[in-house]
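I have placed the structure first, in the form of structure tokens, so that the comments after it can refer back to it.
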Amino acid sequence: MADVALSLEGVCKQYGDFEAVRDLSFAVKRGTICGFLGPNGAGKTSSVRMMLGLSEPTAGQITVLGGTAAKALDRIGFMPEERGLYRKMTPVDVIVFLAGLKGVKASVARKRGKEMLEAQGLGPFMNKQIRSLSKGMSQKVQLISCLVHEPELVILDEPFSGLDPVNQQGLETVIRDLAKRGATVLFSTHVMQHAERLCEKVVLLTKGQKVFEGSLKEARAAAPRHLDLEGALGAADLMALPGVASVSDMGATEDGAHLWQCRLHAGQSAHEALKAAFLRGLDVRRFEAKEPSLHEAFIVLTGGEADA
């Protein structure tokens, strides 16, 4: 298991009578970007706290970088959902202080911190107090603080929350760069678009239980494909095509035809439906087969739960 950075086996977390996490098992290989996904209240934050050793599991076992989280703390970088920085300190001083807790010499942390602040466009603000920075700037400082000691495993809890689109894109670049240098990244989110662009693997939770673990391709396979057809077509003709589960009239086109969206049964290819439409002489003027998004797969796999 030397190639595994993080593994959970049968992990449960009980708060009184409430079971926040139930029989959770999954593994993340080194150098992988893994999305830890689920609606709000699915048990993501409770699971992350156990991975970090901040909370003990009621049952089960967690292995972090080959041992316990307590023994690997200096090799882990963590950015919590609830941001917290010393508001009267400067970004440089915050970074040096937090890096010192991970065993990094002040001179090394200061040099790395300044370089990372410059790279994130915060050079002019590195000696200003945190309280004078915008929310986006403060979040960048928090991110740098969790990366300055060059961790092997990086855990980010809802890292895109509160960021504007430009800063979200910048954070995605940082995450990709971490994986390129060999770090393992696990980030929790309920926004599927980030996971779709970044992840090699996703783990989906709902109501404290894992409902899926695998690749993006495998996740999407759980949701139905769509086939868009344009022409002088009727709903009854389209419903009679093989594999079609439902049809939706998307409106008239400029030439008086209609655009229809055919929702196919899960696992059904658009090829057979399209082939049948032509063989039956239906007036198809344009067609487009669409793969399901991760968001659509998420809704199917979590039984319709979605708040993104």
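The values are calculated or read from the model by the stated rules, or taken from the named source; none is laboratory data. Please read these numbers as outputs of a predicted model, since none were measured by experiment. Backbone-built Cβ (ideal geometry, glycine too); neighbour counts: all protein chains shown.
Kindly establish whether Met79 is modelled with pLDDT of 90 or more and touching a strand residue (DSSP E or B) at 6+ places or on another chain (Cβ under 9 Å). Steps first, answer last, please.
Details: modelled with pLDDT of 90 or more: yes; touching a strand residue (DSSP E or B) at 6+ places or on another chain (Cβ under 9 Å): yes.
Spelling it out, Met79 is indeed modelled with pLDDT of 90 or more and touching a strand residue (DSSP E or B) at 6+ places or on another chain (Cβ under 9 Å).
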Given the conditions (1) surrounded by fewer than 16 Cβ atoms within 10 Å (Cβ to Cβ); (2) touching a strand residue (DSSP E or B) at 6+ places or on another chain (Cβ under 8 Å); (3) among the polar types (S, T, N, Q), every one holds for Ser55 apart from (1)
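Among the listed residues Val174, Val185, which satisfies the condition of being assigned to a helix (DSSP H, G or I), within 25 Å of Met79 (Cα to Cα) and assigned by TED's automatic domain parsing to the domain that holds Leu52? If you could, list the steps in order and put the result at the bottom.
Details: Val185 fails: assigned to a helix (DSSP H, G or I).
Result of the check over Val174, Val185: Val174.
Among the candidates Thr58, Thr63, single out the residue that is within 22 Å of the chain's Cα centre (by Cα), at pLDDT 95 or above and polar (S, T, N, Q). Spell out how you get there, then give the answer.
Numbers: Thr58 fails: within 22 Å of the chain's Cα centre (by Cα).
It is Thr63.
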Quick check: is even one residue across the stretch 214-221 in contact with a Phe, Trp or Tyr (Cβ under 7 Å, 6 or more places away or on another chain) and of a type in the set (Ser, Thr, Tyr)? no
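Quick grid of which residues meet (1) closer than 21 Å to Leu274 by Cα; (2) assigned by TED's automatic domain parsing to the domain that holds Lys44; (3) among the small types (Gly, Ala, Ser); (4) part of a strand (DSSP E or B):
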{"site": "Leu205", "(1), (2), (3), (4)": "no, yes, no, yes"}
{"site": "Phe212", "(1), (2), (3), (4)": "no, yes, no, yes"}
{"site": "Leu241", "(1), (2), (3), (4)": "yes, no, no, no"}
{"site": "Gly251", "(1), (2), (3), (4)": "yes, no, yes, yes"}
Do the conditions hold for Asp17, that is, is it out of contact with any strand residue (DSSP E or B) (no Cβ under 7 Å at 6 or more places or on another chain) and either modelled with pLDDT under 95 or of a type in the set (D, E, K, R) (or both)? yes
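Condition check: in contact (Cβ under 8 Å) with a residue 60 or more places away in the chain and either more than 18 Å from the chain's Cα centre (by Cα) or in the same structural domain as Ala195 (by TED's automatic domain parsing) (or both). Does Ile155 satisfy that?
Taking the combined requirement at face value, the residue satisfies it.
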Tell me which of these Asp93 doesn't satisfy, since it passes every other one: (1) in contact with a strand residue (DSSP E or B) (Cβ under 7 Å, 6 or more places away or on another chain); (2) surrounded by 13 or more Cβ atoms within 10 Å (Cβ to Cβ); (3) of a type outside the set (A, V, I, L, M). (1)
Which numbered condition in (1) in contact with a Phe, Trp or Tyr (Cβ under 9 Å, 6 or more places away or on another chain); (2) polar (S, T, N, Q); (3) surrounded by fewer than 19 Cβ atoms within 10 Å (Cβ to Cβ) is the only one that Ser161 fails? (1)
Among Lys275, Lys217, which is over 26 Å from the mean Cα position of the chain (by Cα) and farther than 16 Å from Ile299 by Cβ? Lys275
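Report yes if Lys114 is without any contact (Cβ under 8 Å) to a residue 40 or more places away in the chain, assigned to a helix (DSSP H, G or I) and among the basic types (Lys, Arg), otherwise no. Steps first, answer last, please.
Numbers: without any contact (Cβ under 8 Å) to a residue 40 or more places away in the chain: yes; assigned to a helix (DSSP H, G or I): yes; among the basic types (Lys, Arg): yes.
Criteria met by Lys114.
Only one residue in Leu229, Leu282, Leu233, Leu274 is buried (at least 16 other Cβ atoms within 10 Å of the Cβ), more than 30 Å from Val21 (Cα to Cα), touching a His at 6+ places or on another chain (Cβ under 7 Å) and in contact (Cβ under 8 Å) with a residue 40 or more places away in the chain. Which one? Let's see the steps before the verdict.
On the way: Leu229 fails: touching a His at 6+ places or on another chain (Cβ under 7 Å); Leu282 fails: touching a His at 6+ places or on another chain (Cβ under 7 Å); Leu274 fails: touching a His at 6+ places or on another chain (Cβ under 7 Å).
Only one candidate qualifies: Leu233.
Listed here are the residues, each with its yes/no results for (1) out of contact with any strand residue (DSSP E or B) (no Cβ under 7 Å at 6 or more places or on another chain); (2) of a type in the set (Phe, Trp, Tyr).
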residue	(1), (2)
His258	no, no
Gly267	yes, no
Ala270	no, no
Phe278	no, yes
